[in-house]
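The block underneath contains the structure these notes are about, expressed in structure tokens.
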């Protein structure tokens, strides 16, 4: 995702600028509790009205989301968040909880990103890369399942505090990057179990 063309907090959803073949990445989207008060910084995508805690931010829909789904006949595996550049104002969020869901309802924590640079120059999350390869639910995911990534900025001390995914390098390079792989999906084979009461024997027959 490259935000160098974003103005006035950027449109929502904001389309990704680079993605692999045979996978669909949904545009990054502001939750209904996020506002866009003020003019917004050029080259940044984000908003205002972030909460002081991640729990209250989730309750208040003060988060951002995007989806990942393999195309028909393929499966996707996520390996890492390899880039996360940001800009926050002094009263903006101090951290962000990163979560995932494979059913759109139940979310599981991945990691917390810290926004230690609190000036207009912006910064990069220092714990990058954030590995996803050890999360089994995010490996070999068929096209029948949609992965949702949720980022919940929190730690704000005022509703006017800003958070942006930020074009730190002032270039067309990615400012937020999710890495993974796509492969052909082969559905599992199912076999019928037949119980023979005479011998208490279970036979496995191909379909």
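The values are calculated or read from the model by the stated rules, or taken from the named source; none is laboratory data. All figures in this text were calculated on a predicted structure; none of them were measured in a lab. All Cβ positions, glycine included, derive from the backbone under ideal geometry; neighbour counts span all protein chains shown.
Quick notes on this one:
- Residue match in region 150-161 (condition: over 17 Å from the mean Cα position of the chain (by Cα), at pLDDT 95 or above and farther than 19 Å from residue 48 by Cβ): no
- Residue count for region 97-119 satisfying the condition of being out of contact with any strand residue (DSSP E or B) (no Cβ under 7 Å at 6 or more places or on another chain) and within 30 Å of residue 170 (Cα to Cα): 1.
- Checked against the criteria, residue 100 counts as surrounded by fewer than 20 Cβ atoms within 10 Å (Cβ to Cβ), over 23 Å from residue 4 (Cα atoms) and in contact with a helix residue (DSSP H, G or I) (Cβ under 8 Å, 6 or more places away or on another chain).
- The single condition from (1) closer than 25 Å to residue 179 by Cα; (2) in contact with a strand residue (DSSP E or B) (Cβ under 9 Å, 6 or more places away or on another chain); (3) part of a loop (DSSP other than H, G, I, E, B) that residue 4 fails is (2).
- Considering region 103-128, and only residues there that are exposed (fewer than 14 other Cβ atoms within 10 Å of the Cβ) and under 18 Å from the mean Cα position of the chain (by Cα), the residue that is nearest to residue 140 (Cα to Cα) turns out to be 103.
- Taken over region 68-115, residues that are over 23 Å from residue 145 (Cβ atoms) and without any contact (Cβ under 8 Å) to a residue 12 or more places away in the chain amount to 0.
- Any hit, region 137-148, residues being touching a helix residue (DSSP H, G or I) at 6+ places or on another chain (Cβ under 7 Å), touching a residue at least 60 places away in the same chain (Cβ under 8 Å) and in a strand (DSSP E or B): yes
- The residues of region 135-165 that are surrounded by 18 or more Cβ atoms within 10 Å (Cβ to Cβ) and farther than 27 Å from residue 76 by Cβ, listed by number, are 154, 155, 156, 161, 162, 163, 164.
- Leading residue by the ranking (nearest to residue 171 (Cα to Cα)) among those in region 13-41 that are more than 18 Å from the chain's Cα centre (by Cα) and at pLDDT below 95: 41
- Every condition in (1) at pLDDT below 95; (2) touching a strand residue (DSSP E or B) at 6+ places or on another chain (Cβ under 9 Å); (3) in a loop (DSSP other than H, G, I, E, B) holds for residue 133 except the one numbered (1).
- For residue 103, the requirement of being at positive phi and outside any strand (DSSP E or B) is not met.
- Selection count where residues are under 22 Å from residue 29 (Cβ atoms) and in a loop (DSSP other than H, G, I, E, B), scope region 151-167: 7
- Residues within region 15-58 that are outside any loop (DSSP other than H, G, I, E, B) and either buried (at least 21 other Cβ atoms within 10 Å of the Cβ) or touching a helix residue (DSSP H, G or I) at 6+ places or on another chain (Cβ under 6 Å) (or both), tallied: 10
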